[in-house]
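What follows is a short report on a single structure.
The values are calculated or read from the model by the stated rules, or taken from the named source; none is laboratory data. Predicted, not measured: the structure shown is a model, and the values here were computed from it. A quick note on method: Cβ atoms are made from the backbone with ideal geometry, for glycine too, and the neighbour counts reach across all protein chains shown.
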Ligand code: A2P
């Protein structure tokens with residue numbers, strides 16, 4: 001007979017609310033939907049979590065890797081965890097309590113990561129990223145060097161190119177990494193706003209080469225996913241910033257959504273809207289390398305979706321890039337008199353060129369609306385099948401080799 005519930009100990013998986021940056025990576029990664037969130041905290045449901053650890057390696061901050069030994073019957077509930085501002089300390093346990101049930105995995109979840117749909121390791125040749133140099137207890141202070149509207153004046157959305165300068169503070173970033181922005185003020189319950197993550201849109205050597213600055217691509221959020229009116233706290237704060245204002249920043253974050261450094265690597269980039277940020281960063285870095293006469297033999301292929309040309313961030317500068325540098329496929333969904341076209345439609349149209357690229361030393365990046373993920377995966381599968389390729393095997397190999405990166409929201 002087993003020990004009664006009051007005596008059985010478990011290693012309860014918890015998320016540190018002080019360190020968590022609410023990036024949703026853990027919730028996206030958990031294979032059994034044990035992670036959930038409210039508008040303040042990300043939490044692990046003790047009734048569902050099996051301690052597999054699949055969420056541990058992708059977490060950019062390490063806030064996910066917290067465990068407390070508790071009596072099974074007294075595990076911290078989801079409702080209780082939602083109220084936390086900090087983790088509880090480890091409680092002393094009764095001496096008669098039984099052995100620990102379900103210890104955390106010793107491999108940090110690597111086995112699970114290998115079968116997930118996207119890479120949790122970086123490309124082999126990626127530069128080593130700096131991580132978590134600044135957190136909410138010790139932020140970096142950036143100064144706004146510019147805030148420019150990217151979308152047409154009459155466009156549905158207000159998307160901004162915001163340049164932040166770090167002066168003499170050490171704030172190195174790589175293309176594909178994100179930073180946290182801490183909006184000032186407090187929410188309705190009086191608690192300070194939590195930070196929001198934004199992908200860096202500039203190359204590692206600065207928005208302006210040689211400067212200690214970076215750029216972000218920020219859309220002013222005025223509706224939620226259901227179309228109801230909401231004021232996005234951080235996005236409205238950022239979009240309203242004036243040159244010279246200061247901003248509290250954390251990070252950098254992101255250890256695997258990084259670009260390869262070896263010159264023969266191809267980049268296949270698929271994005272919608274502000275998902276253009278990492279693609280702009282990677283493209284600009286490659287462009288600078290070429291302009292400096294460095295050897296860059298790899299190809300660049302971009303699929304980019306927006307409602308209309310006037311809604312597509314960086315439309316003008318993109319069109320100036322020569323086809324010999326980047327093979328560009330734009331998809332517009334709301335142009336009068338034209339059929340609604342998504343990035344996955346353009347992928348299918350360009351099937352032979354895409355599969356040729358996928359046969360080579362190619363690194364794939366997806367960024368943008370969550371809704372496009374399934375459509376993109378289906379299109380990739382179909383064009384590979386048409387080309388007589390074994391898509392499941394190729395996909396699995398790309399994932400395990402750090403060549404298949406997805407960031408959607
Ligand atoms: P749509 O016109 O159907 O909304 P947004 O401007 O909202 O950021 O969206 C960027 C682009 O992504 C738009 O063209 C939008 O089309 C498109 N989009 C929306 N849903 C999907 C989807 N499931 N797959 C691919 N693209 C999508």
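Figures for the structure shown
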item: Among the candidates 79, 126, 73, 155, residue that is modelled with pLDDT of 85 or more and within 16 Å of the ligand (Cβ to nearest atom); result: 155
item: Selection from region 77-86 of residues that are surrounded by 15 or more Cβ atoms within 10 Å (Cβ to Cβ) and closer than 23 Å to residue 137 by Cβ; result: 81, 82, 84
item: Residues located in region 218-251, provided they are in contact with a strand residue (DSSP E or B) (Cβ under 6 Å, 6 or more places away or on another chain) and either crowded, with 16+ Cβ neighbours inside 10 Å or under 22 Å from residue 58 (Cβ atoms) (or both); result: 218, 219, 234, 235, 238, 239, 241, 247, 248, 249, 250, 251
item: Top-ranked residue of region 11-42 - restricted to ones that are assigned to a strand (DSSP E or B) and free of Cβ contacts under 8 Å to residues at least 40 places away in the same chain, ranked as surrounded by the most Cβ atoms within 10 Å (Cβ to Cβ); result: 42
item: Selected residue [surrounded by 18 or more Cβ atoms within 10 Å (Cβ to Cβ) and out of contact with any helix residue (DSSP H, G or I) (no Cβ under 9 Å at 6 or more places or on another chain)] from 163, 200; result: 163
item: Complete set of residues in region 341-368 that are surrounded by fewer than 19 Cβ atoms within 10 Å (Cβ to Cβ) and either assigned to a helix (DSSP H, G or I) or near the ligand (Cβ under 7 Å from one of its atoms) (or both); result: 345, 348, 349, 351, 352, 353, 356, 359
item: Residue 271, sole failed condition from (1) within 12 Å of the ligand (Cβ to nearest atom); (2) touching a residue at least 60 places away in the same chain (Cβ under 8 Å); (3) farther than 30 Å from residue 134 by Cα; (4) touching a strand residue (DSSP E or B) at 6+ places or on another chain (Cβ under 8 Å); result: (3)
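Let's see how each residue does on (1) part of a loop (DSSP other than H, G, I, E, B); (2) in contact (Cβ under 8 Å) with a residue 24 or more places away in the chain; (3) more than 24 Å from the chain's Cα centre (by Cα):
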position	(1), (2), (3)
284	no, yes, no
296	yes, yes, yes
302	no, yes, no
310	no, yes, yes
313	yes, yes, no
316	no, no, yes
